[in-house]
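Below is one structure, written out as structure tokens, with a few remarks after it.
The values are calculated or read from the model by the stated rules, or taken from the named source; none is laboratory data. Keep in mind it's a predicted model, so treat the numbers as computed, not measured. We place every Cβ from the backbone using ideal geometry, glycine too, and count neighbours over all the protein chains shown. The protein model used for the area step is the full one, side chains on, heavy atoms only, and it has no ligands, DNA or RNA in it. Shrake-Rupley method; radii C 1.70, N 1.55, O 1.52, S 1.80 Å.
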Amino acid sequence: MNNPMNNLRVQTYRPFTMEPLGGKESAHRILNLGVEVLTSLDLEYWLSAGTLLGIHRDQKFIDHDTDIDVEILGPINGNILIDKMVESGFELIRSMTITDRPYQLAFIHPDGNIIFDVYFYYKVGNRLINYNDQGTLWYPEDMLLDFQDVSFGNRTFRVPEPDWYCEFRYGSSWKTPKTVKGSWQTDASNLI
């Protein structure tokens, strides 16, 4: 059987530095701007990873987090999203694709050097799957059927049930803040 990971293409378009979000006043604006692009294309996104963890647990971005994370259910035309993000002032810095399907598009915005990371999931059996250069991220499909709105700043954002998501993604100790950013691969309990 053909392993899709064998066809994963990772491309970095230019060097970039990941900087902590703590103290960056433009982080809210960049989150809003990125989500506005997604909604203008009728893409059903949800906040994810450290972005959702910080907003849900701490009511703020985690100071040592280094990017804004959103996830989308595919399939979509990645080129349309890239064009719209570039029109909005973002620059594409990294992509992961298999054939014509995007699995990650990472953008950076010059206002604060903030990375806006978009991960794409595809239905495989009863799971939603994201192939990436570190393995396979997955969710049970039935847990991502109903979304909630969470208020953050001056806007509401779509999220899966936050307690479930944070425990599924980070394990039972998700409520205990860390003082430094570890590797996302170690933190993601849904990575296989």
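Numbers below:
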| read-out | value |
| --- | --- |
| Per-region count, the range 13-42, residues of a type in the set (Ser, Thr, Tyr) and open to solvent by 80 Å² or more (accessible area, probe 1.4 Å) | 2 |
| So GLU25, is it more than 18 Å from the chain's Cα centre (by Cα) and modelled with pLDDT under 95 | yes |
| Some residue of the range 1-9 being surrounded by 14 or more Cβ atoms within 10 Å (Cβ to Cβ), of a type outside the set (Asp, Glu) and either at pLDDT 95 or above or farther than 25 Å from ASP83 by Cα (or both) | yes |
| Residues that are touching a Pro at 6+ places or on another chain (Cβ under 8 Å), farther than 25 Å from ASP100 by Cα and not in a helix (DSSP H, G or I), drawn from the range 26-76 | ILE62, ASP63, HIS64, ASP65, THR66 |
| Search result, residues across the range 98-116 that are touching a helix residue (DSSP H, G or I) at 6+ places or on another chain (Cβ under 7 Å) and either modelled with pLDDT under 95 or not β-branched (Val, Ile, Thr) (or both) | ILE98, THR99, PRO102, LEU105, PHE107, HIS109, ASP111, GLY112, PHE116 |
| Test: residue in the range 67-75 that is of a type outside the set (A, V, I, L, M) and over 15 Å from the mean Cα position of the chain (by Cα) | yes |
| Extreme residue, farthest from GLN134 (Cα to Cα), among residues of the range 43-60 that are open to solvent by 70 Å² or more (accessible area, probe 1.4 Å) and not acidic (Asp, Glu) | GLN59 |
| Selection within the range 89-100 - outside any strand (DSSP E or B) and open to solvent by 40 Å² or more (accessible area, probe 1.4 Å) | THR99, ASP100 |
| Matching residues, the range 101-139, being loosely packed, with under 15 Cβ neighbours inside 10 Å and of a type in the set (A, V, I, L, M) | VAL124 |
